[in-house]
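The values are calculated or read from the model by the stated rules, or taken from the named source; none is laboratory data. Keep in mind that what you see is a predicted model, and the values were worked out from it rather than measured. For neighbour counting, all protein chains shown are included, and Cβ atoms are generated from backbone atoms with ideal geometry for every residue, glycine included. Ligands, DNA and RNA are stripped out before the accessible areas are found, and what is left, the full protein with its side chains, is counted by its heavy atoms. Shrake-Rupley method; radii C 1.70, N 1.55, O 1.52, S 1.80 Å.
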Amino acid sequence: MTTDPRIPRHVAIVMDGNGRWARRRGQPRNFGHRAGQKAVREAVEFCLRRKIETLTLFAFSSENWKRPSDEVGALMDLFLRALDKEVDELHSNEVRVRFIGGLSVFNEALRTRMLSAMEKTRGNSALDLNVCVNYGGRWDIAQAARQAVEAVQRGELDPRSLDETTLAPFMCLADQPPVDLLIRTGGEHRISNFLLWQIAYAELYFTDTLWPDVDQDELARALENYARRERRFGRTDAQIAKAS
Ligand code: IPE
Ligand code: IPE
Ligand code: MG
């Protein structure tokens, strides 16, 4: 853990651009998804080296089911194989892996592997790695609201006390530091229903680099840029200068 405010504690990434990366090479989109796996390894390694506490990756959105079924099928195969291949290495690097999203829709084989990866790595503390699959920011807010209603029904929560502080513990990632830096690769300037609640005060960084081309240098540039930002959280720059 680092206490240097110029280093983000929590980095989230929209890993975008696999399809275009493949097309530029005259290859099918799935070729790009496979190549993207290497960039995931680079990002994990980078965070371990820089002692970043939490890395949250957007791997498959609740909207990505709309893609052609052969692409969705190939992505599921890729997740399955990646889980078989990468979990031991992540575990030996003391990475704690969590899958975030509606996991019940995945097939038995994938679900079993996701649960066993989470179970196996739960005691690790070098890096928290959240992989968002079948995740949507609106889904997250809705599931938090549902849990809050259930707590009201059990008599554990007074509905009159429902506010952002009492709803927050039901959101995904509530037990982790707030997202400091959100990176989106691939040139689009949008959130695409990734974390909504959790990025309320995140710094946003966009790069045209396509996800499979992302390496440690690219991530270092994002961190250098972050280090130069002044985070004011509603205050004035004079107040910030006085506090530091
Ligand atoms: C991101 O790359 C990976 C997933 C959404 C699963 P894309 O597949 O969206 O790549 P582009 O945006 O079409 O280039
Ligand atoms: C966002 O990328 C989802 C992931 C990276 C998993 P998309 O490529 O699906 O986003 P849109 O559809 O271009 O907004
Ligand atoms: Mg895309």
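I'd like to know which of GLY19, THR112, PRO178 lies farthest towards the positive end of the charge dipole of the chain, counting +1 on Cβ of Lys and Arg and -1 on Cβ of Asp and Glu.
Positive-most Cα among the choices belongs to GLY19.
Please work out whether the chain counts as rounded, prolate or oblate from its C-alpha gyration tensor, where a ≥ b ≥ c are the square roots of the eigenvalues and a/c under 1.5 means rounded, while otherwise a/b larger than b/c means prolate and anything else oblate?
Cα axes put the chain in the oblate bin.
Using alpha carbons only, how many angstrom separate the centre of the stretch 157-217 from the centre of the stretch 62-138?
18 Å
In square angstrom, what is the accessible area per residue of the stretch 126-170 with a 1.4 angstrom probe?
On a per-residue basis, the stretch 126-170 sits at 57 Å².
Pull out the extension gain between GLN216 and ARG34, defined as 0.36 nm times the separation in residues minus the alpha carbon to alpha carbon distance; nm, one decimal.
Taking GLN216 through ARG34 to full extension adds about 63.7 nm, to one decimal.
With n ≥ 4 as the cut-off for DSSP H runs, can you work out [θ] at 222 nm for the chain, using -39500 (n - 2.57) per run divided by the number of residues, rounded to the nearest 500?
Taken over the chain, the calculation gives -14000 deg cm²/dmol.
For GLN239, what is the net charge nearby, where nearby means another residue's Cβ is under 13 Å from its Cβ and Lys, Arg count +1, Asp, Glu -1?
Local net charge: +2.
Report the charge-dipole magnitude of the chain in Debye, nearest 20, computed about the Cα centre from +1 at each Lys and Arg Cβ and -1 at each Asp and Glu Cβ.
Details: 36 positive and 35 negative charges, 78 e Å.
It works out to roughly 380 debye.
With a 1.4 Å probe and every protein chain left in place, tell me how much accessible area GLU42 has, in Å² to the nearest 10.
For GLU42, the solvent-accessible surface is approximately 40 Å².
For LYS51, which lysines qualify as cross-link partners when the Cα separation must be under 22 Å and same-chain residues fewer than eight apart are set aside?
LYS38, LYS120
Using a simple charge model, +1 on the beta-carbon of Lys and Arg, -1 on the beta-carbon of Asp and Glu, nothing else, what dipole does the stretch 96-177 show about its Cα centre, in debye to the nearest 20?
Charge dipole, the stretch 96-177, about its Cα centre: 360 debye, nearest 20.
Can you list the aspartates and glutamates whose alpha carbon is less than 13 Å from that of LYS66, not counting same-chain residues fewer than 8 positions off?
none
With a probe of 1.4 Å, find how much accessible area the stretch 1-116 has per residue, and write the answer as a whole number in Å².
On a per-residue basis, 53 Å².
Let me cross-check LEU80: its accessible surface, 1.4 Å probe, with only protein heavy atoms counted, in Å² to the nearest 10?
Accessible surface of LEU80 is approximately 40 Å².
Using the basic label-point model (7 angstrom from Cα toward the beta carbon), what is the VAL152 to ARG111 distance in nanometres?
Those two pseudo-labels are separated by 2.9 nm.
How much of the accessible area of the chain, probe 1.4 Å, is carbon plus sulfur, in whole percent?
Numbers: 6620 of 13220 Å².
That share works out to 50 percent.
If DNA, RNA and ligands are ignored and the probe is 1.4 Å, what is the ranking of ARG41, ARG98 by accessible area, most exposed first?
Order by accessible area, largest first: ARG41, ARG98.
Which order do you get for SER244, SER104 if you rank them by accessible area with a 1.4 Å probe, largest at the top? Present the calculation step by step, with values, prior to reporting the outcome.
On the way: SER244 120, SER104 95 Å².
The ranking, largest first, comes out as SER244, SER104.
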